[in-house]
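Only the coordinates and a few stated rules stand behind these numbers; no lab work does. The model shown is predicted, which means the values in this text are computed figures rather than measured ones.
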Amino acid sequence: MPKWGHASPPPSPLFCADPAPVPFPRPGSRQPEATSLRADGPAAFAGSTRLRAQHRVAPSVWGGLLLLVVAMACFVVLDTTTKVVTTGVPMLMALWVLFLVQALVTGGYVLVARGWGSLKTAHPGLHATRGGLLLVVQLLAFFSLKYLPVGEYTALAMTTPLVVTLLATRFLGEHVSPLRLVLVALGLVSTLVIVRPGSNAIGWAMLLPLALVLFNAAYQLLASKMARTEDAVTTVFYTCSTALLLSSLPLAWVWQPINDLNLWLGLLLMGVAAACGNLFFILAFERAPAATLMPYMYLQIGFGILGGWLMFDHVPDFWALVGMGMVAACGMAGGLLTLYETRARQRELRSPS
């Protein structure tokens, strides 16, 4: 959602994932070899002696890549379905169903696969804060998808890690190399190419995903702070549950009867796509290093363009495609830079002093 090699990647704004990558060995890292976004975090629970015992699985780079690609596809299914469903269902109502399904699926997975003990937490207040931030992020995502094409929205949302990188230098004291700052600057310039202020290509609606990026960056920085002591799946469960509780408060005033079976199926598909994408995302980072997977995160932009074309017959114009390509290139370059830096540090640790 930075020095993408030390934190896990950013979670899709429409799914309750754990943290996103922030720049370097920071809280939010999951990979021992590259402490790392959410997802941040999802890929990073190991790497610290203070971490609780985590769910262990056999490493598999190809398995991790396959799970990541499926997760990216799930997120695009979520985005395209959201754009369709929210034309006939109040947004808060759709949001409540989304959180309900995610909380049920994630809670069931936690209890079956990891046991009651994994629900223990020492930071209920931080979970509550994350739940509030998630609610704001999801609302902004819903409104963004109402006015923007799926591909353009996805590309703008994928600049979150760039903002996290900048904020991490200020709030987490992270060091950012000059080359990474260049990539961040180019990535931010690419958002201007997509929205083209003053061109009326997108208009005022461009402010929605930009606000989403800022709130999502705050969400991910908090996630990175919690990742050293909190299990990612457990964090997802508490975050979704908190967001579900908060979104329940105004529900009586926005609830409307739905007589269209297709809308109910769409709401269910949103929740299932979000929950499955979230779990596949976490499982991917449990099997493969964050630095290896992060460059592939930007496949979501391609999936978003495909989803917009299949569902809404929309193809981004030339400059929007250029901007999307710049976002993807900067993100992938950041991931490859992280991989290079991680391997360089490993060689230094192995070499005799």
In bins 5 Å wide, starting from 0, what share of all Cα pairs of segment 281-347 does each bin hold, as a percent?
4, 16, 19, 19, 16, 12, 9, 4, 2, 1
If you average over every viewing direction, what projected area does the convex hull of the Cα atoms of segment 209-324 give, in nm²?
10.4
Taking 37 °C and 0.692 mPa s as the conditions, I'd like the Stokes-Einstein D for segment 124-167 in µm²/s, using the Kirkwood hydrodynamic radius from alpha carbon pairs.
278
